[in-house]
Amino acid sequence: MAELLLQANNVAKHFGGVKALRDVSLSIRQGEIYGLIGPNGAGKTTFFNCLTGLYIPDGGGFVFNGKPLLADAPHQAAERGIARTFQNIRLFANMTALENVMVGRHVRTNAGVLGAMLQSKATRAEEAAIRQRAMDLLHYVRIESRADDLAKNLSYGDQRRLEIARALATEPKLLCLDEPAAGMNHTETEELRELIDGIRQDGTTILLIEHDVKLVMGLCDRVAVLDYGALVIEDVPAVVQKDQRVIEAYLGA
Amino acid sequence: MNKWLNPRSAFGITLIAVALLALPFVAAMGGQAWVRILNFAILYVFLALGLNIVVGFAGLLDLGYIAFYAVGAYTYALLASPHFGLHWPFWVILPIGAVVACFFGVILGSPTLKLRGDYLAIVTLGFGEIVRIFMNNLNAPINITNGAQGITLIDPVAIGDFKFSNTSQILGISLSGPQKYYYLLLALVILVIIINLRLQNSRVGRAWQAIREDEIAAKAVGIDTRNLKLLAFAMGASFGGVAGGVFSAMQGFVSPESFSLIESIMILAMVVLGGMGHIPGVILGAVLLSILPEALRYGVGPIQMAIFGKMLVDPESLRMLIFGLALVLVMRFKPAGLWPSPERKRELQDAGARNG
């Protein structure tokens with residue numbers, strides 16, 4: 001069995017009286033594509049936000065790559081190797097596509113103010129490397145022709161790709177995708193599936209929130225189902241699909 | 001670097017350089033007062049570029065920027081005047097002023113940077129006032145700032161025996177005090193422009209821009225937003241501190257009156273009116289807003305006399321009226337500023353197209 005990359009232990013989060021997450025425990029293995037599904041309001045995005053440090057869990061916590069994850073430091077989550085995209089795309093709208101990805105390199109580079117002021121050799125070399133790496137990533141998600149366009153002028157599908165490229169720029173061990181196929185047509189979804197599969201082949205573990213059940217079942221190695229903030233089941237797609245509780249959660253029967 | 005070497009831009013740069021070098025002599029024809037006005041224009045460029053780091057790059061609305069200018073000015077005044085009997089050389093005090101202002105920037109920044117937009121603006125506004133009121137009242141029980149009377153007889157900038165305050169002959173050319181300060185300020189401001197340009201196109205500059213665009217996304221890609229905002233505050237503050245030091249030396253006198261809220265607002269207006277985040281725009285804004293009121297001061301009276309044969313409106317009120325009207329008109333017809341960066345221009349055009 002592959003090594004564990006992420007363990008969620010009894011993660012709980014509530015907003016006022018609403019229990020968005022009730023003691024959710026799950027574990028993601030190195031190198032797999034892990035699907036997180038559930039009806040609207042089941043707590044999927046809340047789980048993402050707790051994992052990436054945007055929310056502080058009210059109970060429980062995460063162990064990532066063998067060490068506990070600090071609860072309230074989003075930038076440290078990225079530093080440890082957790083990158084994410086957002087359900088409603090969050091790009092730096094008035095920066096170019098290339099600059100967006102270059103910002104993603106921030107956490108893996110270290111030129112400071114002094115280096116920038118003096119334009120030292122090391123700073124210039126790093127800057128060139130950042131630019132090169134960003135170009136390569138744009139090429140990887142196949143939007144290199146849009147490198148100099150402002151992010152907000154990209155098509156919807158390209159914006160999704162750009163967000164993935166920016167996340168990959170942080171060299172994540174775990175890439176969290178929040179409904180990447182939302183609003184995409186069949187062809188685009190198909191291309192996205194190839195992209196995600198390719199990223200996994202290149203060694204990045206993927207956590208995928210998705211509404212498109214077909215996409216999840218076809219792509220994921222294992223799937224967890226959330227309903228009303230609680231974990232219903234965590235297993236391979238074939239088992240999950242036949243589970244009576246899952247069918248009920250989705251059909252409301 | 002190659003773009004500097006092509007003949008056309010080399011010619012342009014030479015032309016600008018010659019113009020800038022000749023400017024104080026041209027201005028002196030209208031009297032030394034005009035050279036002083038020029039000097040203040042450059043000082044405002046300096047300040048506006050400092051504030052541009054905070055407001056333009058990092059997107060933090062700071063209404064108390066003048067406080068750092070005040071801190072720098074008083075640091076210089078206290079260390080180079082008979083008030084404490086200290087007379088340190090300017091090249092020691094200017095860096096100290098930068099460090100002290102930077103320290104105040106961090107003091108203001110660390111508790112407030114969780115706030116944004118309007119809330120941050122109000123806190124910084126309060127901070128600016130607190131500093132001014134402190135300067136006004138720190139004369140008892142121990143007299144530190146000499147209160148509302150201010151500090152007088154501040155040493156001019158001097159290198160050895162070469163003083164910047166009096167007229168002297170260099171290579172057969174007579175240079176007045178203000179003219180010498182002009183060249184000093186010009187050299188400093190060129191340095192600041194270079195620093196600004198380099199910061200903008202750096203890893204740190206991009207991170208600031210990312211924070212301005214979308215703070216949550218910036219956090220998600222691993223940017224420590226708190227520290228970077230603090231850095232922007234500290235950098236902006238140190239520029240303000242240096243500018244304050246030069247101001248102190250040039251004037252020979254500081255008092256709390258020079259650091260009122262309207263000064264903060266003027267500098268912010270320079271940044272916004274010129275083109276937030278765009279360095280050439282900010283320079284243009286600072287030059288226009290510092291020279292225009294002075295030009296009006298000298299121009300409004302005589303023009304009225306010429307047209308109407310008598311003073312219809314008090315020149316001082318008319319001056320501010322015209323100035324205010326000009327600001328309103330610019331913001332109405334050029335909302336992105338007089339010389340916005342290409343991106344910002346597009347941003348506003350797109351917004352306009354959507355709304356219209």
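The values are calculated or read from the model by the stated rules, or taken from the named source; none is laboratory data. Since the structure is predicted, the reported quantities are computational estimates derived from the model, not experimental observations. When we count neighbours, we look across all protein chains shown, and the Cβ atoms used for this are built from the backbone with ideal geometry, even at glycine.
Helices (runs of 4 or more DSSP H) wholly in region A:54-129 with at least 3 residues that are within 7 Å of chain B (Cβ to nearest Cβ) and either buried (at least 21 other Cβ atoms within 10 Å of the Cβ) or out of contact with any Leu (no Cβ under 8 Å at 6 or more places or on another chain) (or both) - which ones? Give the derivation first.
Details: elements: A:74-80, A:97-104, A:113-118.
Fully inside region A:54-129 and qualifying: A:74-80, A:97-104.
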Out of curiosity, is A:R160 of a type outside the set (D, E) and either away from chain B (no Cβ under 12 Å) or closer than 25 Å to A:I89 by Cβ (or both)? yes
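Checking the condition under 30 Å from A:V246 (Cα atoms) and modelled with pLDDT under 90, which residue from A:G31, A:G53, A:G35 passes?
Details: A:G31 fails: modelled with pLDDT under 90; A:G35 fails: modelled with pLDDT under 90.
Going through A:G31, A:G53, A:G35 in turn, the sole match is A:G53.
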Which one of these does B:L60 not meet: (1) assigned to a helix (DSSP H, G or I); (2) out of contact with any Cys (no Cβ under 9 Å at 6 or more places or on another chain)? (1)
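Do you know which residues across region A:30-53 are part of a helix (DSSP H, G or I) and of a type in the set (A, V, I, L, M)? Quick ask: steps written out before the conclusion?
The first filter runs over region A:30-53 and keeps only residues part of a helix (DSSP H, G or I), leaving A:44-51.
Once the filter is applied, which keeps residues that are part of a helix (DSSP H, G or I) and of a type in the set (A, V, I, L, M), region A:30-53 yields only A:L51.
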Name the one entry in B:G160, B:G150, B:G177 that is at pLDDT below 90 and in contact with an Asp or Glu (Cβ under 8 Å, 6 or more places away or on another chain). B:G150
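Looking at this structure, is B:R206 of a type in the set (K, R), over 26 Å from B:E257 (Cα atoms) and in contact with a His (Cβ under 9 Å, 6 or more places away or on another chain)?
Numbers: of a type in the set (K, R): yes; over 26 Å from B:E257 (Cα atoms): yes; in contact with a His (Cβ under 9 Å, 6 or more places away or on another chain): yes.
Criteria met by B:R206.
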I'd like the residue in region A:130-156 that is touching an Asp or Glu at 6+ places or on another chain (Cβ under 8 Å) and surrounded by fewer than 18 Cβ atoms within 10 Å (Cβ to Cβ) and, out of all such residues, is nearest to B:R203 (Cα to Cα). A:M135
Please go through (1) touching a residue at least 40 places away in the same chain (Cβ under 8 Å); (2) in a helix (DSSP H, G or I); (3) of a type outside the set (V, I, T); (4) within 30 Å of B:F57 (Cβ to Cβ) for B:E257 and return the number of the only condition it doesn't satisfy. (4)
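Every residue, every condition in (1) of a type outside the set (A, V, I, L, M); (2) in a helix (DSSP H, G or I); (3) buried (at least 17 other Cβ atoms within 10 Å of the Cβ); (4) free of Cβ contacts under 8 Å to residues at least 60 places away in the same chain, yes or no:
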position	(1), (2), (3), (4)
B:I13	no, yes, no, yes
B:G30	yes, no, no, yes
B:Y44	yes, yes, yes, no
B:L49	no, yes, yes, no
B:V55	no, yes, yes, no
B:T75	yes, yes, yes, no
Selection count, region B:198-214, where residues are touching a residue at least 40 places away in the same chain (Cβ under 8 Å) and touching a helix residue (DSSP H, G or I) at 6+ places or on another chain (Cβ under 6 Å): 4
Single residue of B:T145, B:T152, B:T112 found to be in contact (Cβ under 8 Å) with a residue 12 or more places away in the chain and surrounded by fewer than 16 Cβ atoms within 10 Å (Cβ to Cβ): B:T152
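From B:V99, B:V26, B:V18, grab the single residue that is among the aliphatic types (A, V, I, L, M) and touching a residue at least 40 places away in the same chain (Cβ under 8 Å).
Working: B:V26 fails: touching a residue at least 40 places away in the same chain (Cβ under 8 Å); B:V18 fails: touching a residue at least 40 places away in the same chain (Cβ under 8 Å).
Every option except B:V99 fails the conditions.
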Flagged in region A:10-34 as under 19 Å from the mean Cα position of the chain (by Cα) and not basic (K, R), in numbering order, are A:V11, A:L21, A:V24, A:S25, A:L26, A:S27, A:I28, A:Q30, A:G31, A:E32, A:I33, A:Y34
So, in region B:58-96, exactly how many residues are under 30 Å from B:I223 (Cβ atoms) and not aromatic (F, W, Y)? 12
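For every residue, the table says whether it meets (1) modelled with pLDDT of 90 or more; (2) polar (S, T, N, Q); (3) under 30 Å from B:N139 (Cβ atoms).
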position	(1), (2), (3)
B:A237	yes, no, yes
B:G240	yes, no, yes
B:G275	no, no, no
B:G281	yes, no, no
B:V287	yes, no, no
B:G299	no, no, no
B:L321	no, no, no
B:V330	no, no, no
B:D350	no, no, no
With the checklist (1) modelled with pLDDT of 90 or more; (2) surrounded by fewer than 18 Cβ atoms within 10 Å (Cβ to Cβ); (3) within 28 Å of B:H83 (Cβ to Cβ) in hand, flag the one item B:I262 doesn't pass. (1)
Looking at region A:33-53, which of the residues that are under 16 Å from A:H14 (Cα atoms), more than 14 Å from every other protein chain (Cβ to nearest Cβ) and among the hydrophobic types (A, V, I, L, M, F, W, C) is surrounded by the fewest Cβ atoms within 10 Å (Cβ to Cβ)? A:A42
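Hey, can you tell me all the residues within region B:120-145 that are more than 19 Å from B:L108 (Cα to Cα) and assigned to a helix (DSSP H, G or I)? Step through it out loud before you land on a result.
Within region B:120-145, the subset more than 19 Å from B:L108 (Cα to Cα) is B:136-145.
Residues satisfying the conditions are B:N136, B:N137.
Being within 22 Å of the chain's Cα centre (by Cα) and at pLDDT 90 or above is the requirement here; does B:F90 meet it? Spell out how you get there, then give the answer.
Details: within 22 Å of the chain's Cα centre (by Cα): yes; at pLDDT 90 or above: no.
Taking the combined requirement at face value, the residue does not satisfy it.
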Among the residues of region A:202-252, how many are small (G, A, S), more than 19 Å from the chain's Cα centre (by Cα) and closer than 19 Å to A:E179 by Cβ? 2
How many residues are surrounded by 16 or more Cβ atoms within 10 Å (Cβ to Cβ) and among the basic types (K, R) if we restrict to region A:197-253? 2
For region A:172-253, which fully contained helices (runs of 4 or more DSSP H) count at least 1 residues that are within 26 Å of A:R108 (Cβ to Cβ)? A:186-201
